[in-house]
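The values are calculated or read from the model by the stated rules, or taken from the named source; none is laboratory data. Predicted model, so just to flag it, every value in this text is computed and none were measured. As a convention, Cβ positions derive from the backbone with ideal geometry for all residues, glycine included, and neighbour counts pool all protein chains shown.
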Amino acid sequence: MPVNLNRRQALAAGALTAGALAASSFGSSRPLFANEGAAIKLPKGKAEHCIFLWLGGGAGQIDTWDPKAQGDPTAKKAGSMYKAIDTAVAGTQVCEFLSRSATVLDRMNIVRSVHHEVIDEHAAATNRVHTGRPTAGTVVYPSIGSIVAHERGAAGEGVPAYVLIGYPNVTRGPGFLGAKHSYIYLTDTKSGPVGLSRPPEITSERQARREKLLAEVRQHYSAAKTDETIKNYDATIEEMLKLAGPNFGKVFALENEADTLRNRYGGEFGQRCLLARRLCQSGVRFVEVSHNLNFLNGTGWDVHNDGMLKQHDLITELDHALATLVEDLEQQKMLDKTLIVVATEFGRPAGFDGGGGRGHHSKSYSMVLAGGGLKNGLTIGSTDELAMKIVDRPVSIPDFHATICWSLGIDPHKELYAGDRPVPITDGGHPIAELFA
């Protein structure tokens, strides 16, 4: 049976019941294996870490993970920009510039039927994918990284639970969970967390005096513990002091890795992926690495007009780093306990714009899950001949979040609290059941 599952094949294999089949109709975010509010009847995930690779700008599914017949931007013929190649998963092809990832696709899963309704706004779509919800006027929702940090905490001593190597903003933040569950932000791989280190002139004695003064300030404001600003500041200071020691700094010594491995990872983005592996080894629970940092084509993944001309460079850079990360984690015996997520805010339409690029498309696009103890080597969902419409097995953003949570042993239906208001971890999402069978 091909691994690209459709409903008929899954039913024949005994994976779905007739009732679940009806529940999976396109346009519904209802679960395949559970009723709304019911307990999840799936083996609980065993992943301990998550590396979240963010393709900011909107990576086009038709030019990466869901290739179709080739088009022609000059003739305005809709279709893929590049040729498709076979992979380690029978029946599944990817873009020719994902050649290294193609060889390890049996350790990965392509989800080709992700969808949401935000099309025109990059910021709103980025928020949707990071928080799993639309923005609200009364509540600032936490990001998936902060949820994991809140629920699992750090897996080691003297390290943060959540590290961001990319662009800090509210979409990656803790929302109503508070600063304690926010990220440590890193600017590059060379200097390490310089903001966490004491300046040379601050001796241990001076630091001790400062901490004594801080303790007095805390005592003075002890009666004002309901003040969120003070509480968040206090939590941030406490976290920074924990991380200022030498142990966390050693994680950033990438020069201790073999040159052959560093070369396989590639440039700055690849080195950030290598750092992400080292951070997970140290006990960091969730690491986000942004891949729009170099803007190799002038626009990143936002390939309107001439941005399309060097999109293949972005894809190649992603390919080298991702494939090496999978192989490296496997060699370190960490792949089964480290979930890799390749995510983006939306995809791209099959047609070309006036300048030869592509617009935005959120009704059907692809994201990837790898390792993490999942049943890997599957291709979830399918799209029509131009990757514009979902043909089978739609996966909502809440479902995608629920899958990440469940793989990390987090109940996606658990309620957190924004003040007195109960807020479920996901907005009615349910794990992609096939990945846990």
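Would you confirm, using the coordinates I've provided, whether Ala47 is modelled with pLDDT of 95 or more and either among the charged types (D, E, K, R) or in contact with a strand residue (DSSP E or B) (Cβ under 6 Å, 6 or more places away or on another chain) (or both)? Spell out the reasoning first.
Working: modelled with pLDDT of 95 or more: yes; either among the charged types (D, E, K, R) or in contact with a strand residue (DSSP E or B) (Cβ under 6 Å, 6 or more places away or on another chain) (or both): yes.
Yes.
Select from the stretch 119-178 the residues that are among the polar types (S, T, N, Q) and in a helix (DSSP H, G or I) and write down the one among them that is farthest from Gly300 (Cα to Cα). Please lay out each step first, then the result.
Just the residues of the stretch 119-178 that are among the polar types (S, T, N, Q), to begin with: 126-127, 131, 135, 138, 143, 146, 169, 171.
Now restrict to residues that are in a helix (DSSP H, G or I): 126-127, 131, 146, 171.
On the way: Thr126: 15, Asn127: 18, Thr131: 22, Ser146: 26, Thr171: 19 Å.
Across the stretch 119-178, the extreme among qualifying residues is Ser146.
Among the residues that make up the stretch 328-336, is at least one of them under 28 Å from Val391 (Cβ atoms), in contact (Cβ under 8 Å) with a residue 24 or more places away in the chain and buried (at least 17 other Cβ atoms within 10 Å of the Cβ)? Steps first, answer last, please.
First, the residues of the stretch 328-336 that are under 28 Å from Val391 (Cβ atoms): none.
No, the stretch 328-336 contains no residue that is under 28 Å from Val391 (Cβ atoms), in contact (Cβ under 8 Å) with a residue 24 or more places away in the chain and buried (at least 17 other Cβ atoms within 10 Å of the Cβ).
Of all residues in the stretch 379-415 being touching an Asp or Glu at 6+ places or on another chain (Cβ under 6 Å) and among the hydrophobic types (A, V, I, L, M, F, W, C), which is surrounded by the most Cβ atoms within 10 Å (Cβ to Cβ)?
Ala387
Quick one: in the stretch 262-314, which of the residues that are touching a residue at least 40 places away in the same chain (Cβ under 8 Å) and of a type in the set (D, E, K, R) is surrounded by the fewest Cβ atoms within 10 Å (Cβ to Cβ)?
Taking the candidates together, the pick is Asp306.
What's the number of the condition Gly377 fails, among (1) of a type in the set (Gly, Ala, Ser); (2) more than 26 Å from His430 (Cα to Cα); (3) not in a helix (DSSP H, G or I)?
Every condition holds for Gly377 apart from (2).
Based on this model, can you work out whether Asp353 counts as assigned to a loop (DSSP other than H, G, I, E, B) and at pLDDT 95 or above?
no
Look through Gly91, Gly57 and report the one residue that is of a type outside the set (Lys, Arg), surrounded by fewer than 20 Cβ atoms within 10 Å (Cβ to Cβ), assigned to a loop (DSSP other than H, G, I, E, B) and in contact (Cβ under 8 Å) with a residue 24 or more places away in the chain.
On the way: Gly57 fails: surrounded by fewer than 20 Cβ atoms within 10 Å (Cβ to Cβ).
Just a single option satisfies the conditions, and that option is Gly91.
Output the number of residues of the stretch 379-418 satisfying the condition of being in contact with a Phe, Trp or Tyr (Cβ under 7 Å, 6 or more places away or on another chain) and among the small types (Gly, Ala, Ser).
The number of residues fulfilling the criteria is 1.
Scanning the stretch 60-77 for residues that are touching a strand residue (DSSP E or B) at 6+ places or on another chain (Cβ under 8 Å) and not in a loop (DSSP other than H, G, I, E, B), which turns out surrounded by the fewest Cβ atoms within 10 Å (Cβ to Cβ)?
Gln70
Can you tell me which residues in the stretch 359-385 are touching a residue at least 60 places away in the same chain (Cβ under 8 Å) and out of contact with any strand residue (DSSP E or B) (no Cβ under 9 Å at 6 or more places or on another chain)?
Across the stretch 359-385, the qualifying residue is only Glu385.
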